[in-house]
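Below is one structure; the comments refer to it alone.
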Amino acid sequence: MPNWRATLRGIDAAVVTIERQLLKVGPLTATAIMLFAGVVIGEIIHLIIMLVAHPLFTRSMLACATLVTVVITTPVLYRCQMLIRRLVQSRRELSDLTEKLAAALDKARDANEAKSRFFANANHELRTPLNAIIGFSQMLSTQALGPLGVPRYGEYADDIHRSAQHLLSLVNDLLDMARAQTPTGKRDADGECDLRHVVEDALRMMWPAAERGGVMLESHIASDVDSLRANERMVKQILLNVLSNAIKFAPSGAVRLRVYLAPDGRLAIETADTGIGMSQNDIGVALTPFGQVANAITRQSAGTGLGLPLAKAMMELHDGSLCIDSAPGSGTVVTLYFPTARVMTRSTPRLLEPIAAS
């Protein structure tokens, strides 16, 4: 019994070989070759038919069939040749473009790694002098070593102290963002985090800012929530960034924080505020590094636009996600989802429904 698959593969290989040879000559030459082959094959078939069905077929009929074949087939073959050549050319151009894009991607990746290494190496060079400025300006403002003589010097020292602290905060955010984009950032995301302690500590740190803004802080941690396989410092910074953003955009309002196990087993941390809210376009801007939503509050409040993007990057280091549900005038809900694999210990989950923006 013949092996039909092997036969078909042989025919396919022969056709590919013929196509390659035809592409080496011009379209007119290739058309003439194919037309000659078609006419010869057609003549042979007609001769066989004449021998079998004589006298139904005559030489005049054979000549007519040949003429019709030539007239009809020639433009079709020529057109097919042109299309095949265009496709081959397009494939070559696409291959060249793919190689160029791959090279550009490699260069961009190398540039990004160089940038990240630069920021990481700048840790000591930037933080050390800033800490010195902060320490000495605080000594001057508190007159720790004696009176300054001119009271205005104390005011200048206070301004230097506040400016240096703001600059140090910006440097820390930049370095954390750069570290989150390096392979070492992924390794830093491991560890054990006492989530209840971290949440309570973050709320305690944000309480003075909430009081100054007239914002009421509420919190609820489900009893079945215990600990996470996560970097405790990163989790605290994520919470501080999200809470700070919520407090800033909800003046004289309320911010509610809830920690619970979602129905799919993920651990969720929700922060809901009664602030001005954002449109879908504003959400995209807020999640872009250095992006700031244009409104009255952002014009009055200082900020670098790195809070939410940094929180999002750190969540991704933990294989988690940051989701925002908001609408203008309806408040904002930011939900942090940690995957089930990072929930280290838990009892039977007491599921809570997510907070919806209202």
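The values are calculated or read from the model by the stated rules, or taken from the named source; none is laboratory data. This is a predicted model, so every value here is computed, not measured. Here the Cβ positions follow ideal geometry from the backbone for every residue, glycine too, while neighbour counts run over all protein chains shown.
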- Query: Which helices (runs of 4 or more DSSP H) sit wholly inside segment 265-324 and have at least 3 residues that are at pLDDT below 85?
  - Reply: 280-286, 296-300
- List the number of the failed condition for Ser169; all other conditions in (1) surrounded by fewer than 17 Cβ atoms within 10 Å (Cβ to Cβ); (2) not assigned by TED's automatic domain parsing to the domain that holds Thr128 hold. (2)
- Message: Within segment 228-241, does at least one residue satisfy the condition of being over 27 Å from Ile133 (Cβ atoms), over 29 Å from the mean Cα position of the chain (by Cα), of a type in the set (Gly, Ala, Ser) and modelled with pLDDT under 90?
- Response: no
- Quick one: how many residues across segment 196-246 are part of a loop (DSSP other than H, G, I, E, B) and touching a strand residue (DSSP E or B) at 6+ places or on another chain (Cβ under 8 Å)? 7
